[in-house]
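Values quoted throughout were computed directly from the atomic coordinates according to the rules given, and no laboratory measurement underlies them. Just so you know, these numbers come straight off a predicted model, no measurement behind them. When we count neighbours, we look across all protein chains shown, and the Cβ atoms used for this are built from the backbone with ideal geometry, even at glycine.
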Amino acid sequence: MYLSLEIFPLTTVSLSQRAIQIKESQIREASRYCERFGAINLAQGLPDFPAPEALKEAAREAIAADINQYADSWGWYKLREAIAEKMQRDNHIVVDPETEITVCCGATEGLNVALMSIIDQGDRVLVFEPFYENYVPNLATVGGIPEFVTLQPPEWQVTQEMLEPIFKKGLKAVIINSPANPTGKVWNRSELEIIAKLCQQYDVYAITDEIYEYIIYEEEHISLMGIEGMRDRTIVVNGFSKTFCITGWRLGYVIANPELSAAIRRIHDFITISAPAPLQHAALTAMQFGREYFINLAADYQRKRDRLYPVLAEIGLSPVLPKGAYYIWTDSSVIAKDAESAAFRLAKEVLVAAVPGTCFSQPDRQRVNGLRFCFAKKDSTIELAISNLLKLKL
Ligand SMILES: Cc1ncc(COP(=O)(O)O)c(C=O)c1O
């Protein structure tokens, strides 16, 4: 039976300020109107191709073996060990699986518990714009106040001059997303060193969202935690969604020093108890994939990027070539007077859905005229999208 609005009229609902501040996700919204028009979904950041067979088989085996109950709240120990090995091998950072790694329900939960562990009401947190849509609502849930620094295409470069004043104002933390959604920016060593120096000078924590670590093209991924002086003031958030094509499995992890991890673990325990037990077992199989898997992953995405990018340029959208992640940021002012109208027009007229740039920008920056196209799609989906996009009459 459905609850009737007559029994619970909306006027009796007394929402928290937190709930009021959190708006509907424009990314999920774009997917909804994509369905309405029957458009090709280059909006939401999820692949439309299968996950690796060995990984699916490992999940089937784990369920058949009755691994069905709550996992260790900190994460299955063998998986934590594998994460520690990966950190040493790929990031050159030694972490203790016993005290410094927590497996959680996606990087999304990881980011939330990281923020909950250090942010109090009114604490300021630096966010680089354009930013991943979740950061602002995530901050709203803990009462954190975002302080924005807007980066400019095509390099999205960060300089000491643009950061110093904002650090001087007083910050509790900074969120760094590299490779970044939606811009494809990959933070280079000198930019990370600027951040590291300022974090130490002004006693600021860093939360790094490294979910696209292995989806990277001409550049090298550098983890801020490995930069001098940052080992104990960085909280690394990462996960399995993007690297292994399993966004629906909800598996992520957080790495932080033992004291921070103890707090993160307590919060995680009371929010979700544990990440899905059988899927953690399967994820161990993924962690054991050889080097080739990661090389092919990046090469495949690079090929897809290099197919879509020139088409977006050809139709006049001035795309910015991403150095990592699986999105292309473009201008949308040639399509419509604002990003939302541009995304709507694209979906309606040529049946291609993209995300309006407004959702990656400050709430009062409604005039951001950009679009984000996701190329984590089968070649056939990309080809179909391209043939539709080429019909756009501008
Ligand atoms: C930058 C960034 N961080 C985190 C996430 C979410 O990751 P997860 O699926 O592990 O929660 C996404 C998903 O699109 C993302 O783009």
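Just to verify a number: FRET efficiency for Ala298 and Glu228, C-beta to C-beta distance, R0 = 35 Å, to 0.05?
0.80
What net charge is computed for the residues neighbouring Glu133, neighbours being all others with C-beta under 11 Å from the C-beta of Glu133, Lys and Arg scored +1, Asp and Glu -1?
+1
For the chain, what is the convex hull volume of its Cα atoms per residue in Å³?
Enclosed volume per residue, from the Cα hull, is 160 Å³.
Can you give the calculated 222 nm mean residue ellipticity of the chain, where each DSSP H run of n ≥ 4 adds -39,500 (n - 2.57) and the sum is split over every residue, rounded to the nearest 500 deg cm²/dmol?
Calculated at 222 nm, the ellipticity per residue is -13000 deg cm²/dmol.
By how many nm would the segment from Thr99 to Ala263 lengthen if fully extended, with 0.36 nm per residue of separation less the alpha-carbon distance?
57.9 nm
Within the range 47-91, which trypsin sites (Lys or Arg not before Pro) sit in a loop by DSSP and count at most 14 neighbouring Cβ atoms inside 10 Å?
Answer by residue number: there is no such site.
Extension gain Val149-Asn134, at 0.36 nm per residue separation less the Cα-Cα distance, in nm?
3.8 nm
Report the label-to-label distance for Met287 and Ala64 in nanometres (one decimal), using points 7 Å from each Cα along the Cα→Cβ vector.
2.3
Could you give the length gained by full extension between Phe49 and Leu392, i.e. 0.36 nm per residue of separation minus their alpha carbon distance, to one decimal place?
120.8 nm
Out of the DSSP beta bridges found with both residues in the range 69-287, what percent are antiparallel (nearest 5)?
Roughly 30 percent of the DSSP beta bridges within the range 69-287 come out antiparallel.
Between Ala336 and Asp306, what FRET efficiency comes out of the Förster formula 1/(1 + (r/R0)^6) with R0 = 30 Å and r the beta carbon distance, rounded to 0.05?
0.65
With a/c under 1.5 counting as rounded, go ahead and sort the range 315-394 into rounded, prolate or oblate using the C-alpha gyration tensor (a ≥ b ≥ c being the square roots of the eigenvalues; past the cut-off, prolate if a/b is larger than b/c, else oblate).
It comes out oblate by the Cα gyration axes.
Once both labels are modelled 7 Å past Cα along the beta-carbon direction, what's the Glu383-Lys169 spacing in nm?
Label at Glu383, label at Lys169, 5.0 nm between them.
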